[in-house]
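Here the structure is laid out as structure tokens; the discussion comes afterwards.
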Amino acid sequence: MTAGRDSVARPALREEAESIAASLPPLLVAAERLASAVSLGVHGRRKSGMGETFWQFRRYRGEDPSTAIDWRQSAKSQHLFVREREWEAAEAVWFWRDGSPTMRYGSAGVAKIDRASVLALALASLLIRGGERIALLGEGRVPASGRAALNRIAHALTEARAETGNLPPDAAMGRNAQLVWIGDFLAPLEQLEAAMRRIARDGLTGHLVRIVDPAEEDFPFAGRTRFEPCRGGESEIVGRAEFVRDEYRARFQAQGEAVAGLARRLGWTCLVHRTDRPPETALVALFAALGGPNARHALGQPA
């Protein structure tokens, strides 16, 4: 009887697994591949502290209390060792991915919104491998860990490509949490500043990732060029596009510098990623920024 039930159950489970795999958004598959490619350790954000989970042994130092010595481990060698425990902070990582019309532009074979989604999901994948709790801002769910949380965020980001505003909504995220905000940051500066200061007042630390399309930054257009607005409306024809290149580039650069300056004044991090460059580099830098000195040490980067 048992063997018969098993023989029936195995194909059913296989069909269910294949169905689940087929339903995964392609962007999640790409994100998982990216997360695996960077080969980050899942303990990059850990640090020693007053937790309950064993982390590592280290050599005894003069400033350590004698009660911290692990005598059993020390008896195995001629040195004294201290048992360190992992710091267990009540902290969550929230994500906000800009889904506004300007994010749908792409001249390098990938739209900004798709690169932003892949980076968000790849980072989320790395975090849950380390036991972190994650959540998508605006989804109405509390932070959670595990594969189910990642799949839920993936479906939310890819459903109709999640057309949302360019600014994070005013929603409670809890103090001591961190927010990863990925977008093109082309909204008016006063709106961006108001949103950033509101989030900072709530006690969160922000990590901005500014997604830039190469054509937006380089402005390679010349001659008679028609420009179509991303948000709809009438197009504009410029007779000699090269004549406005310098002024455009200056304004685009000023916007980026202003956003970085706002982040710096709030003690936040701000990264810039061009869609014609490998996403692995951006993911490693973002993970290091999120984890602080401990993650940078784990990645072999200077603190």
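The values are calculated or read from the model by the stated rules, or taken from the named source; none is laboratory data. In this text the structure is predicted, and so the values were computed from the model without any measurement. A quick note on method: Cβ atoms are made from the backbone with ideal geometry, for glycine too, and the neighbour counts reach across all protein chains shown. Protein only, heavy atoms only, side chains kept; ligands, DNA and RNA dropped before computing areas. Shrake-Rupley method; radii C 1.70, N 1.55, O 1.52, S 1.80 Å.
Surface analysis of the range 106-247 yields an accessible area of 47 Å² per residue, using protein heavy atoms and a 1.4 Å probe. Per residue, the Cα convex hull of the range 104-213 amounts to 103 Å³.
I'd like the carbon and sulfur percentage of the solvent accessible area for the range 198-300, probe radius 1.4 Å, heavy atoms only, ligands and nucleic acids excluded.
Numbers: 2730 of 5620 Å².
Looking at the range 198-300 in its full context, I get 49 percent from C and S.
Amide H contacts of TYR105: LYS112, ILE113, each under 5 Å away and 5 or more positions distant or on a separate chain (H built 1.01 Å from N in the peptide plane; Pro and chain starts excluded). Which FRET efficiency, nearest 0.05, do ASP170 and PHE57 yield, Cβ-Cβ r, R0 41 Å? E(calc), rounded to 0.05, equals 0.35. For the peptides 138-150, 278-290, 245-257, 97-109, the ranking by mean Cβ contacts within 10 Å, running from highest to lowest, is 278-290, 97-109, 138-150, 245-257.
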